[in-house]
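Asker: Input: one structure, supplied below.
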Amino acid sequence: MSHKHNLIWLAVVLASLGGFFYLFDAAYANPMSLPDYAFAKLDIREAYEFAKTNSADLEGLPCSCGCGTPEGAKAHGSRVHTRGLIDCFTEGDINIAGKWDSHASECGLCYEDALYAKNLYLEGNSKQEVIDNILEMQSKRKFSKEVVY
């Protein structure tokens, strides 16, 4: 009889451990609830994480890809990004009923600008200084494209 009880206890312990590891894996595999396309590259994931945790820091920052104008928005599903760089990552506030936007995962300018901004903020720059630095970088990009060799 005790052999039967031991098997039952062993089954309970194994089932509990299996459940624990399943829940642990599910909780930590994607704790920020990022969309699948955010995992295409480490830089893209980092940019989407920054957009989720620091959306106000990206709001109002200029985007390099032209999505803030009706003409530029045609290449981005025709949604004009009016809130700045954050609109390349989300539609509305992702933390309050907003939804993710895949645009930044497909546009190197967007996720690279977000990571550039993140680094500038980490260095202690103000939002205006970040804006100025991004505008300067955009100017250099534009100039380098216009140069004929």
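Asker: Would you check if residue 73 is in a helix (DSSP H, G or I) and in contact with a helix residue (DSSP H, G or I) (Cβ under 7 Å, 6 or more places away or on another chain)?
Answerer: no
Asker: On to the next question. Of everything in segment 101-119, what is touching a residue at least 60 places away in the same chain (Cβ under 8 Å) and touching a His at 6+ places or on another chain (Cβ under 8 Å)? Give them in sequence order.
Answerer: Across segment 101-119, the qualifying residue is only 110.
Asker: In segment 124-132, is there at least one residue being in the same structural domain as residue 41 (by TED's automatic domain parsing), β-branched (Val, Ile, Thr) and surrounded by 15 or more Cβ atoms within 10 Å (Cβ to Cβ)?
Answerer: yes
Asker: Within segment 42-70, restricting attention to residues that are exposed (fewer than 14 other Cβ atoms within 10 Å of the Cβ) and over 18 Å from residue 138 (Cα atoms), which residue is modelled with the lowest pLDDT?
Answerer: Here the answer is 70.
Asker: Sticking with this one: Here is a check on your reading of the model: is residue 86 buried (at least 19 other Cβ atoms within 10 Å of the Cβ) and not in a loop (DSSP other than H, G, I, E, B)?
Answerer: Yes; evaluated as a whole, the condition is true for this residue.
Asker: For segment 91-101, state whether one or more residues are over 16 Å from residue 47 (Cβ atoms), among the polar types (S, T, N, Q) and assigned by TED's automatic domain parsing to the domain that holds residue 57.
Answerer: Taking every residue of segment 91-101 in turn, at least one turns out to be over 16 Å from residue 47 (Cβ atoms), among the polar types (S, T, N, Q) and assigned by TED's automatic domain parsing to the domain that holds residue 57.
Asker: Any idea which of (1) assigned to a helix (DSSP H, G or I); (2) in contact with a helix residue (DSSP H, G or I) (Cβ under 9 Å, 6 or more places away or on another chain); (3) free of Cβ contacts under 8 Å to residues at least 40 places away in the same chain is the one residue 43 doesn't satisfy?
Answerer: (3)
Asker: Can you run down the residue pairs with Cβ atoms below 9 Å, 6 or more apart or on separate chains, where the first is in segment 79-90 and more than 8 Å from residue 60 (Cβ to Cβ) and the partner is of a type in the set (Lys, Arg) and at pLDDT 90 or above?
Answerer: Once the first residue is more than 8 Å from residue 60 (Cβ to Cβ) and sits in segment 79-90, its partners that are of a type in the set (Lys, Arg) and at pLDDT 90 or above give 89/52; 90/52; 90/99.
Asker: So, in segment 89-115, of the ones that are touching a strand residue (DSSP E or B) at 6+ places or on another chain (Cβ under 6 Å) and part of a loop (DSSP other than H, G, I, E, B), which residue ends up surrounded by the fewest Cβ atoms within 10 Å (Cβ to Cβ)?
Answerer: 98
Asker: Out of (1) touching a helix residue (DSSP H, G or I) at 6+ places or on another chain (Cβ under 7 Å); (2) among the charged types (D, E, K, R); (3) modelled with pLDDT under 90, the odd one out for residue 140 is which?
Answerer: (1)
The values are calculated or read from the model by the stated rules, or taken from the named source; none is laboratory data. Note that this is a predicted model, so its numbers are computed, not measured. Positions of Cβ are backbone-derived with ideal geometry, glycine not excepted, and every protein chain shown enters the neighbour counts.
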